[in-house]
């Protein structure tokens, strides 16, 4: 483990609850990271506070031969905190530690084929959300997110899995507030999921990453990536789902980008 050195008091202001992230370091991360660059001044400061809370009590471990620097930990904390900017840090209580590899890492798992036969498979992964509370990331894939045209955000994707599982199951149905129509969420997401699978089966090139067609949990995680990374593409894929996610996350990335009027979100979701 490489400890977060700011906790040692190099910059001061650290407490048992958070880390006071220096403005210059925070400014640099937000300016470089496309999904953070358009934050309002208020969002900028509130996210800085959340990222400081994320860094406390969650040890970062270097997986293999990688030097895990403070700036790397800060970027991960910032991206992990973005989805809960309006939800609150309690939604990430399930994340207890973070492991960072230099690049994609190998994972052994089991797959069941159409005949019910279990196969032991070894895959390369960019990230994983382990059920016991570990967030595992490939730093090469985190860095790839500095490209504004890159759709993938491995941090947001894996954090979305933790958020999805707050109610005990990763199934594309996170806990919704009382005012959010659960039946409509289920109908709209299932309809779009089925449509995406038809497109993939037909060999068409969908608007979003076809990995979203894997299962409802991956569908929610990939849509969350697009919501924060490339909201215009998600809007093109399905504006109703954009509206659901905007209501759920309490954020409107399209309005931040000033490319779509803030009032354009579909009504009734």
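The values are calculated or read from the model by the stated rules, or taken from the named source; none is laboratory data. Everything numeric in this text was worked out from a predicted model, so none of it was measured. Ideal geometry is used to build each Cβ from the backbone, glycine not excepted, and the neighbour counts take in all protein chains shown.
Given 46, 75, which one is surrounded by fewer than 17 Cβ atoms within 10 Å (Cβ to Cβ) and at pLDDT 95 or above?
46
Considering region 183-204 alone, what residues qualify as being under 23 Å from the mean Cα position of the chain (by Cα) and either crowded, with 16+ Cβ neighbours inside 10 Å or touching a residue at least 60 places away in the same chain (Cβ under 8 Å) (or both)?
185, 188, 189, 192, 193, 196, 197
Would you confirm whether any residue within region 166-182 is surrounded by fewer than 14 Cβ atoms within 10 Å (Cβ to Cβ) and part of a helix (DSSP H, G or I)?
Yes, because at least one residue in region 166-182 is surrounded by fewer than 14 Cβ atoms within 10 Å (Cβ to Cβ) and part of a helix (DSSP H, G or I).
Residues being more than 19 Å from residue 221 (Cα to Cα) and either surrounded by fewer than 16 Cβ atoms within 10 Å (Cβ to Cβ) or touching a helix residue (DSSP H, G or I) at 6+ places or on another chain (Cβ under 6 Å) (or both): count how many of those fall in region 30-43.
8
Go through (1) closer than 22 Å to residue 84 by Cα; (2) in a loop (DSSP other than H, G, I, E, B) for residue 206 and report which single condition fails.
Checking residue 206 against (1) closer than 22 Å to residue 84 by Cα; (2) in a loop (DSSP other than H, G, I, E, B), the one that fails is (1).
Does residue 66 qualify as being under 19 Å from residue 128 (Cα atoms), in a helix (DSSP H, G or I) and touching a strand residue (DSSP E or B) at 6+ places or on another chain (Cβ under 7 Å)? Break it down into steps so the answer makes sense when it comes.
On the way: under 19 Å from residue 128 (Cα atoms): yes; in a helix (DSSP H, G or I): no; touching a strand residue (DSSP E or B) at 6+ places or on another chain (Cβ under 7 Å): yes.
For residue 66, the condition - under 19 Å from residue 128 (Cα atoms), in a helix (DSSP H, G or I) and touching a strand residue (DSSP E or B) at 6+ places or on another chain (Cβ under 7 Å) - is not met.
Can you tell which of 39, 79, 47 is in contact (Cβ under 8 Å) with a residue 24 or more places away in the chain, within 17 Å of the chain's Cα centre (by Cα) and in a loop (DSSP other than H, G, I, E, B)?
39
Inspect region 148-157 for any residue being at pLDDT 95 or above, surrounded by 11 or more Cβ atoms within 10 Å (Cβ to Cβ), touching a strand residue (DSSP E or B) at 6+ places or on another chain (Cβ under 7 Å) and closer than 12 Å to residue 220 by Cβ and give the result as yes or no.
The answer is yes, given that some residue of region 148-157 is at pLDDT 95 or above, surrounded by 11 or more Cβ atoms within 10 Å (Cβ to Cβ), touching a strand residue (DSSP E or B) at 6+ places or on another chain (Cβ under 7 Å) and closer than 12 Å to residue 220 by Cβ.
Would you say residue 189 is farther than 16 Å from residue 241 by Cα, touching a helix residue (DSSP H, G or I) at 6+ places or on another chain (Cβ under 7 Å) and assigned to a helix (DSSP H, G or I)? It would help to see each step written out before you state the result.
Working: farther than 16 Å from residue 241 by Cα: no; touching a helix residue (DSSP H, G or I) at 6+ places or on another chain (Cβ under 7 Å): yes; assigned to a helix (DSSP H, G or I): yes.
No.
Is it the case that some residue within region 201-213 is modelled with pLDDT of 95 or more and under 20 Å from residue 38 (Cα atoms)?
For region 201-213, residues modelled with pLDDT of 95 or more and under 20 Å from residue 38 (Cα atoms): absent.
Can you name every one of the strands (runs of 3 or more DSSP E) wholly within region 87-146 that holds 2 or more residues which are buried (at least 16 other Cβ atoms within 10 Å of the Cβ), modelled with pLDDT under 90 and touching a strand residue (DSSP E or B) at 6+ places or on another chain (Cβ under 9 Å)? Spell out the reasoning first.
Numbers: elements: 97-101, 105-112, 118-125, 127-129, 134-138.
Ranges flagged: 127-129.
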